[in-house]
Amino acid sequence: MTQPDETWADRMQGLKGASEEESAELVRDIYKTAQDDLDAQRAQAELEREE
């Protein structure tokens, strides 16, 4: 499920002085969330085409 923009902004602001590992974790989380959102959109579009 998509996180609110404020959540992402808060996490990004917290990166100042963050380790490379913490930064990479945020990037992975953003990518995974975006991919999940796209998958959900594709599934919804497929469902609508089938109806």
Which of (i) -0.47, -0.56, -0.80, -1.00; (ii) -0.59, -0.65, -0.81, -0.92; (iii) -0.38, -0.48, -0.79, -1.04 is the computed log10 I(q)/I(0) by the Debye sum over Cα atoms at q = 0.14, 0.16, 0.22, 0.27 Å⁻¹ for the structure on display? (i)
Under the Karplus curve 6.51 cos²θ - 1.76 cosθ + 1.60, θ = phi - 60°, whole-Hz ³J(HN,Hα) for region 13-26, x wherever Gly or Pro sits: 5, x, 7, 4, x, 6, 6, 4, 5, 5, 5, 5, 4, 4
Work out, step by step, the length gained on full extension between Asp10 and Arg42: first 0.36 nm times the residue separation, then minus their alpha carbon distance; give nm to one decimal. 8.7 nm
What's the extension gain from Gln35 to Ser19 if we count 0.36 nm per residue and subtract their Cα-Cα distance? 3.3 nm
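Every read-out reported here was derived from the displayed coordinates using simple, explicitly stated rules and does not represent laboratory data. These figures come from a predicted structure and were not determined experimentally.
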